[in-house]
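Worksheet: the structure to be examined is printed underneath.
Since every read-out is calculated from the coordinates, none of them should be taken as a lab result. Predicted model, so just to flag it, every value in this text is computed and none were measured. Counting neighbours? That spans all protein chains shown, and the Cβs are built from the backbone with ideal geometry, glycine included.
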Amino acid sequence: MYLPEYYEFCCRVKVISGHNALEKIPESLAKMHAARPLIITDKGVSEAGLVDIVLDAIRDEVAVGATADDVPQDSSLKVVNRLADVYRDNDCDSIIAVGGGSVMDTAKGVNIVVSENAHDLMKFSGAGALKRALKPLVVIPTTSGTGSEATLVAVVKDHERHLKMAFVSYFLLPDVAILDSRMTLTLPPFITAATAMDAMAHAVEAYTGLAKNPLSDASALAAISLISSNLMGVMENPSDREGRLALANAATLAGAAFSNSMVGVVHTLGHATGSVCGVPHGMCMAILLPYGLEYNMHKNAHFTEELLVPLAGAEVYAATPKHLRAEQVVAHIRKMNQDLHDATAGRHARFLGEVKDGGGRQVVPREKLEDIAEAALDDGSIFYNPEECDYEDFLMILRTAWEGTPLDRGLIKGV
Amino acid sequence: MNEFREVTPGGKPFKKAYVALMLWFVGRAIQAAAKVDGDVKKEFEKLPEGFTFCLGVMPHGPYMIVGKDRKERVKYMGWRREGRSIDLDMKIKNIEAAILMFTFQEGTAVATARDRMVVDGEVPYACAIVRVLDIGEVYLLPKIIARLAVKRYPVWSFGRKYIGRVRIYFRSIVGY
Amino acid sequence: MFFPDNYEFFCPTKINSGKRALEQIPFELDALNARKPLIITDKETAKKGLVKKITGAFRDSGIAVGIFDGVPPVPDLELIRGLANNYRDAGCDSTIAVGGGAVVDAAKALNIVVSGRPEDLKAFAGEDLIENSLRPLVFVPTPLGTGFETSRFATLEELTFSSPFLMPDLVVIDPRMMTAERPAELISTAMIALAHCAEAYTCPAKNPMTDTYAYAGMRFIGENLANVIRSDDKDGRLALANAAAMAGIAFSNTPRGIIHEVGWALGDASGLPPGICMGILLPYGLGYRMNSEGYHLSDMLLPLAGAEIYVGTEENLRARKAISVIREMQHDVRDAAGGDIPLTLKDAGIAKDALAGVAGTAAGDGAAGFSVDDCLVILEHAWEGKSITSS
């Protein structure tokens, strides 16, 4: 087990997992001396009937202060401030967030405002600006991907000032994460695929990056193993409760891993592709993951190769000669993408040129790649990537990922 | 009980002096590199007018402040941060962590990966400044040390590497 | 990979481990909103100069510290009262426990007192009676411990406290604290950690989160213990301290196992270090559970022996193989230590007729889920060194 010269690991989130985990919420709230939660969610989640399931599970024991189900896809400071007013107007004393990354970020932002009585959220954006515990926050993820339930970051946009405020504090870690199979049971296969590969990318990049550490590593290995042994089963049988719960756990484990070990070039390019062309995050991750591994392989093949055990099983690992294992890892992830492509009738794209929108139009035109590479220069995740990456490197990776051909490792500078 | 006592630990003046000297030199070298090196110049051109950044050690310094003045010139602005509005604040968590960095036992990337620093400010600024610091290290340090400090030692032309290095050293010492 | 239908897991503890870790303490205290720590330790630790290393880490921080370096081997309520007065008089707001065992028990008890009302200490003894988080508690381990340091447990006199709020907020593992210690003591500490990890990793209540800590802990011990004993490998000692911290966390999130309980009872009855007892019992306790419903012995082989051996071993033999890997490791460690580490209870000088009493104590009221007979079978096999294969 690799022990770095120095590392830090922290995941202060209580995890409650099960097919009836929601029913544990009242007890959890009571332990935190809370009785009147504000439920924060979005329209998609509430229209899918998930909020009703949560309410049914807690109604008898908890008096819900209010339910705000209008968090937009692209949340902002305005939304945070409005929900903080809802919290105050209804005398709430805690928050339950039901949803994906955007809902959780919004809930964390609301929690800062109501706990610190902040009029200007910006005042709390610096590192170390939060000094004490916030109000109790229970999060219920409805996708198995972002891992936000285990991260200490919240990003809130201020559209008026054109700012993206990042809040980083251990006090932003939710108090409790509820992983209940009912919350992801109806997730469409295409989204199940993308979100699971998002979690996969978190785990893989955490394991192979510069800030890897033993606890992130063990979490990442478990996450990868759970995804590779459950994802295809869930794709074939979406109502597989055990498989759904396993994927939810994988996302949380991967979240804990990357929250402590950060991510690398896959995320750098993924964020940039998302912001320039609007490609869903999970799909970017799935497409770019093999390329990121290839790009860094000359630096970290000895870590990458170890991932063959959770990905393909100990048998495949033992049967593969040592010098081919890292490449086998990449091949295996490509194969997963192909299988997901087949299982979604082509909706799960295998390369950037293949990404289509609802109307069948190409989402990433080749001529946008320069813009994406330019945007990638502004993304901090590259700090944690093993190899240096400049504009030309970004562009080289993007071009091959657009074509869908394996990376010509001879083109990497310094190899 | 006699086993109880209170202690006020002292300072680390020599280590602080060393780090202060290094910061002073790095600050003046950045000012010089912004004139001499095309890439550094470009990085600063993209930053907003009046942009100021501070690199220093918690909790009480030393610090180094570099910024763009009104005429868009990149200037080393000294070691006092009081009264300045700082756009990008890079703080090394303690003096020992600073020593690890400034004795080149830990490069910028490794120090970041090991949580040795906290960074306040917009991420794109931080990305730009880290690239500037990396270029600065390649100029200032002999290859054998700089290779440990940066992820990939760049391939530069003879002119950029050697003539550039002499010009930056000269300007840093003379201070223009 | 085994996956449970439902579970709960909680670990409030942050781990900072490695080079210059001590110097991060002032920053971490500030993040916990603390400004003045009370450092507590025992004479032994202070004599080794380790307190100076902690105060040295506060140089240039502008933070003043209180120090108490007289925690006795068996702390009592009186001591805690005195410490609480020191804490309050000096205006402290956080505790740094340096060392293991009694020091950490005292620090946890102190933390209950200074976070609430002093006369209430007894009222908090028991399971989950602490309702609010306590003041910041930092734990700086040295190489020796009881395995309870990072756990949710604390004992003081006759009182036992159990609450997740007793787990340290921060564990700071620094190579400078990893002093050279006698092999038997290092082995004892490592065997407690291995027993805790192995029981957490194989028990029916395991989950992916406890697996994380137990997995890393087991691998660190397997890969480093013999080296540390043989060559005083510094990185290895750091890895063992990491394993001990992780073991306590896994232990806190799974029910107490039979090896742990019997090991403690045996230690109490015989005066042997509990870790040596748990080390002796480990192969037998695991063997006893080998074919039991719901136990996951064969899963252990992969972290302990690696993929090649795992794959090379037939599925129905993996549990047995895992136990023999542990046994081999113990023999290796014993040889490295010069041979004076007992591997049977007979060699350890335990009288055979003492076993029944130990079994009775360990099984207690049966609430832990095992009977006197269960304990006795394990003890008898461990006495003779005869392997157990049935359930």
Inset, instruction - List, in order, the whole-Hz ³J(HN,Hα) value for each residue of the stretch B:72-83 obtained from phi through the Karplus relation with A = 6.51, B = -1.76, C = 1.60 and θ = phi - 60°; use x for Gly and Pro. - result: 6, 8, 7, 10, 6, 10, x, 10, 9, 9, 4, x
Inset, instruction - Compute the distance in nm between two label points, each set 7 Å from the Cα along the Cα-to-Cβ direction, one at A:Asp342 and one at A:Glu374. - result: 4.1 nm
Inset, instruction - Provide the net charge surrounding C:Asp340, with neighbours chosen by a C-beta distance below 13 Å and charges set as Lys +1, Arg +1, Asp -1, Glu -1. - result: -1
Inset, instruction - Take the alpha-carbon centre of the stretch C:205-233, take the same for the stretch A:126-193, and report the distance between them in whole Å. - result: 32 Å
Legend entry - Partners for A:Lys335 among lysines (Cα-Cα distance below 21 Å; same-chain residues under 8 apart left out): A:Lys322, A:Lys356
Inset, instruction - Between B:Leu23, B:Leu100, B:Leu133, find the one with the highest GNM mean-square fluctuation for chain B; connect C-alpha pairs within less than 10 Å. - result: B:Leu100
Inset, instruction - Taking 7 Å along the Cα-to-C-beta vector as the label spot, tell me the C:Glu78-B:Ser85 distance in nanometres, rounded to one decimal. - result: 6.4 nm
Inset, instruction - Return the single residue from A:Glu27, A:Glu327, A:Glu367 with maximal mean-square fluctuation; model: Gaussian network over chain A, springs between Cα atoms under 10 Å. - result: A:Glu367
Inset, instruction - Find the relative contact order for chain C and round it to a whole percent, using C-alpha pairs within less than 8 Å whose residues are 6+ positions apart. - result: 15 percent
Inset, instruction - Excluding residues fewer than 8 places away in the same chain, name every one of the aspartates and glutamates whose C-alpha is closer than 12 Å to that of A:Lys14. - result: A:Glu149, A:Asp175, C:Glu8
Legend entry - Residues whose placed amide H lies under 5 Å from that of A:Gly99, excluding near-sequence neighbours: A:Ile140, A:Thr142
Legend entry - Extension gain from C:Ser133 to C:Asp373, taking 0.36 nm per residue of separation minus the Cα-Cα distance: 82.4 nm
Inset, instruction - Could you tell me how many degrees, from 0 to 90 and to the nearest 10, lie between the Cα long axis of helix A:265-277 and the main elongation axis, the longest principal axis, of the Cα atoms of chain A? - result: 70 degrees
Inset, instruction - Highest first, please rank the peptides C:379-387, C:52-60, B:150-158 by the mean number of other Cβ atoms sitting within 10 Å of their residues. - result: C:52-60, C:379-387, B:150-158
Legend entry - Rounded FRET efficiency, nearest 0.05, which uses the C-beta distance separating B:His60 from B:Val174 and R0 of 25 Å: 0.25
Legend entry - Near-label residues of the stretch C:278-295 by backbone N, under 19 Å of a point 7 Å along Cα→Cβ of C:Arg182: C:278-280
Legend entry - Whole-Hz ³J(HN,Hα) from phi, Karplus 6.51 cos²θ - 1.76 cosθ + 1.60, for the stretch A:67-81, glycine and proline x: 10, 10, 10, 10, 6, x, 3, 10, 6, 8, 4, 4, 5, 4, 5
Legend entry - In degrees, nearest ten, helix C:274-288 long axis to first principal axis of chain C (Cα): 40 degrees
Inset, instruction - Find how much the distance from A:Lys164 to A:Tyr391 grows on full extension, using 0.36 nm per residue of separation minus their present alpha carbon separation; answer in nm with one decimal. - result: 79.4 nm
Inset, instruction - Specify the inter-centroid distance of the stretch B:89-164 and the stretch C:44-87, based on alpha-carbon positions, in whole Å. - result: 38 Å
Inset, instruction - Mind giving me the nanometre distance, one decimal, between the label points for A:His119 and C:Glu44, set 7 Å out from Cα along Cα→Cβ? - result: 5.8 nm
Legend entry - Against the rule of thumb 2.2 N^0.38 Å, how large the Cα Rg of chain C comes out: 0.97
Inset, instruction - Would you tell me the mean number of C-beta atoms belonging to other protein chains that fall within 10 Å of each C-beta in C:27-35, as a whole number? - result: 4
Inset, instruction - For chain B, set up a Gaussian network in which alpha carbons nearer than 10 Å are linked by springs, and say which option among B:Phe51, B:Phe25, B:Phe14 fluctuates the most. - result: B:Phe14
Inset, instruction - Over the whole of B:108-119, what's the average partner chain Cβ count within 10 Å per residue? Rounded to a whole number, please. - result: 6
Legend entry - In order through the stretch A:212-221: 3J(HN,Hα) via Karplus (6.51 cos²θ - 1.76 cosθ + 1.60), integer Hz, x for Gly, Pro: 5, 8, x, 6, 4, 4, 5, 5, 5, 4
Inset, instruction - Could you pull out every one of the lysines with an alpha carbon less than 17 Å from that of B:Lys41, ignoring same-chain neighbours closer than 8 positions? - result: B:Lys68, B:Lys71, B:Lys75, B:Lys161
Inset, instruction - For C:Thr146, enumerate residues with amide H under 5 Å from its amide H, sequence gap 5+ or separate chain, H modeled in the peptide plane. - result: C:Gly101
Inset, instruction - May I ask for the equivalent-ellipsoid semi-axes of the protein assembly as shown, computed as the square root of five times each C-alpha gyration tensor eigenvalue and listed largest first in whole Å? - result: 44, 34, 30
Inset, instruction - Report, in degrees rounded to the nearest 10, the 0 to 90 angle that the Cα long axis of helix A:189-208 makes with the longest principal axis of chain A. - result: 70 degrees
Legend entry - Inter-part distance where the stretch C:318-391 and the stretch C:113-192 are each reduced to a Cα centre, Å: 27 Å
Inset, instruction - Enumerate the amide H contacts of A:Lys14 below 5 Å, restricted to partners 5 or more residues apart or on another chain; note that Pro and chain-start residues carry no placed amide H. - result: A:Val176, A:Ala177
Legend entry - Above-threshold pairs, the threshold being 22 Å between Cα atoms, out of A:Lys43/A:Lys78; C:Lys14/C:Lys108; A:Lys78/A:Lys108; C:Lys52/C:Lys234; C:Lys53/C:Lys234: none
Legend entry - A:Cys10, C:Cys197 arranged by Cβ crowding within 10 Å, fewest neighbours leading: A:Cys10, C:Cys197
Inset, instruction - List the pair-distance distribution P(r) of the stretch B:13-174, using every Cα-Cα distance, as the percent of pairs falling in each 5 Å bin from 0 up to the bin containing the longest distance, rounded to whole percents. - result: 2, 9, 19, 23, 23, 16, 7, 1, 0
Inset, instruction - Have a look at C:Met209, C:Ala198, C:Ser188 and report the one farthest towards the positive end of the charge dipole of the stretch C:183-384, computed about the Cα centre with Cβ charges (Lys/Arg +1, Asp/Glu -1). - result: C:Met209
